[in-house]
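Reading through the C-alpha cells given below for one structure.
None of the figures in this text is laboratory data; all of them are computed from the coordinates on show. Not measured: the values here are computed from a predicted model. For neighbour counting, all protein chains shown are included, and Cβ atoms are generated from backbone atoms with ideal geometry for every residue, glycine included.
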Amino acid sequence: MSQEVEQAPVVLDRVNGVCGELVLRRVGADFEIIANGVFLMDTRNGESERLMVDAAAERMPAGGRLLVGGLGVGFSLRAALDHPRVGEVVVVEREPTVIEWNRGPLRERHGNALADPRVRCVAADLLEWLPRSGQRFAGLCLDIDNGPDWTVTDGNATLYGDAGLDMLAGALAPGGVLAVWSAGASEPFAKRLETRFGAVEALPVSVPRGEPDVVYLTRNGVTSRVI
C-alpha cells in the first residue's frame, strides 16, 4: 500500500516587508506566503476568494470599477478580470514584495494578471490610500489579512471596526457592493455591517480542514434585515 510523502517546503525568498518578515516558499507545485512566522495564504485552492469576487460582480452594475483590497496570490484579481460585468480593476497591496512575487514566480498561477491593461496596481496601505484617493467604486472586494477576527498585523483590525466601515461606505458608489473575506464566521462583524449598511449576506465556503471561510456581502444604501 503506497503512502503519500509530504514534500518539504523550499524557501524561495525571505524579506523584511512593510509590516515584518515575509517568506515565499514552494511546497511541491504550490506556493505559500508566511508573515512574521504565521501562515497567511497559499495557492492550493482559492475557491473562497473567487466566490467573493464573483458574488460582488454579479450584484454590481455591469462595467463598473472594482477595487480589490489585498493582492495575495492573485486569485481575487484573476476572478475579477474573468468576470464579464467587471470593467477596470484597481488592486491595492501594501507590500511591494508581494507585488513583485506576483509579477515573478506567482504569475504562473493567475495568468500574469497584473499585466492586463485593465489593471491598476497601487502599492499602498488601503486604510491610508482609499480616503486620500477620493475615488468611488461599484464594488469593493477585501481580502485583508485573515479577516475581522484574526489579523496578523494589529493595524488591520481598524478596517473591520466602525471607523473602517465608514471609510468603506464613503468609497462605494450608491448601490455599490462591499464583499469581505473572512477566515471563519464573525457574528460581531456581521452585526457591525448590519448596523452600518443594512442587509448582510454570509456565504460559507468549505475548506479541506477547519471551519469554513465566510464571505460577507452588503450594499451601500440598502437598509433591511440580515438575510
- Message: Using alpha carbons only, how many angstrom separate the centre of segment 188-203 from the centre of segment 6-22?
- Response: 35 Å
- antiparallel share of DSSP beta bridges within segment 45-219, to nearest 5, in %, is 40 percent
- Item | Near-label residues of segment 51-88 by backbone N, under 12 Å of a point 7 Å along Cα→Cβ of LEU12 | 73-74
- Item | Whole-Hz couplings from phi, Karplus 6.51/-1.76/1.60, listed for segment 203-220; x for Gly and Pro | 10, x, 10, 5, 10, x, 9, x, 5, x, 5, 9, 10, 9, 10, 8, 10, 6
- Item | Förster radius 25 Å - calculated FRET efficiency between ARG107 and ALA157 (Cβ-Cβ, nearest 0.05) | 0.20
- In whole Hz, what ³J(HN,Hα) sequence does segment 170-187 give by Karplus (6.51, -1.76, 1.60; θ = phi - 60°), x for Gly and Pro? x, 9, 9, 5, x, x, x, 9, 10, 10, 10, 8, 9, 7, x, 5, 9, 4
- What is the packing order of peptides 33-45, 75-87, taking the mean over residues of other C-beta atoms within 10 Å and listing the highest first? 75-87, 33-45
- Any idea how far apart ASP42 and ALA62 come out in nm if each label point goes 7 Å out from Cα toward Cβ? 4.0 nm
- Charges only on Cβ, +1 for Lys and Arg, -1 for Asp and Glu: so what's the dipole of the chain about the Cα centre, in debye to the nearest 20? 740 debye
- Message: Nearest 500 deg cm²/dmol is fine: what mean residue ellipticity at 222 nm does the chain get from its DSSP H runs of n ≥ 4 alone, each adding -39,500 (n - 2.57), divided by its residue count?
- Response: -7500 deg cm²/dmol
